[in-house]
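Okay, structure first, notes after.
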Amino acid sequence: MKAHVRSNWRNAVLVCRKCAKKLDGGFGPDGDERLAKALRKHLTLGKGRKAAAGIVEVDCLGICPKGAVTVVNGAASREWLLVQPGADLDELAVTLGIGAPKQP
């Protein structure tokens, strides 16, 4: 049996599944997708451990904000984000360290 498995992830982002489910979407071009799925699509990261970064929905993180989703950057776990529906996904990706800054 293998003792470990490698991934291509530079970073891991944890998204609260319970918060995302309570909002029932609110992200993506049409505003009908959950945050994790919309962010994966927007950044075209790929799937699974071969992706450039991991965006993982996890069980309740315990913050439970009204009208927002709790997000944790695994590399900077002291700062948790509360993301409102309709947030700019480019800006969020830069804040999380998984996207390139916008070019003027």
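The values are calculated or read from the model by the stated rules, or taken from the named source; none is laboratory data. Quantities reported herein were computed from a predicted structural model and do not represent experimental measurements. Here the Cβ is made from the backbone with ideal geometry for all residues, glycine too, and neighbour counts use every protein chain on show.
Applying the criterion of being in contact with a strand residue (DSSP E or B) (Cβ under 8 Å, 6 or more places away or on another chain) and part of a helix (DSSP H, G or I) to the residues of the stretch 40-61, the residue that is nearest to GLY97 (Cα to Cα) is ARG40. Put simply, of ALA87, ALA52 the only residue that is in contact with a Phe, Trp or Tyr (Cβ under 9 Å, 6 or more places away or on another chain), hydrophobic (A, V, I, L, M, F, W, C) and at pLDDT 95 or above is ALA87. Could you check, for the stretch 62-74, whether at least one of its residues is part of a helix (DSSP H, G or I) and charged (D, E, K, R)? No - not one qualifying residue is present in the stretch 62-74.
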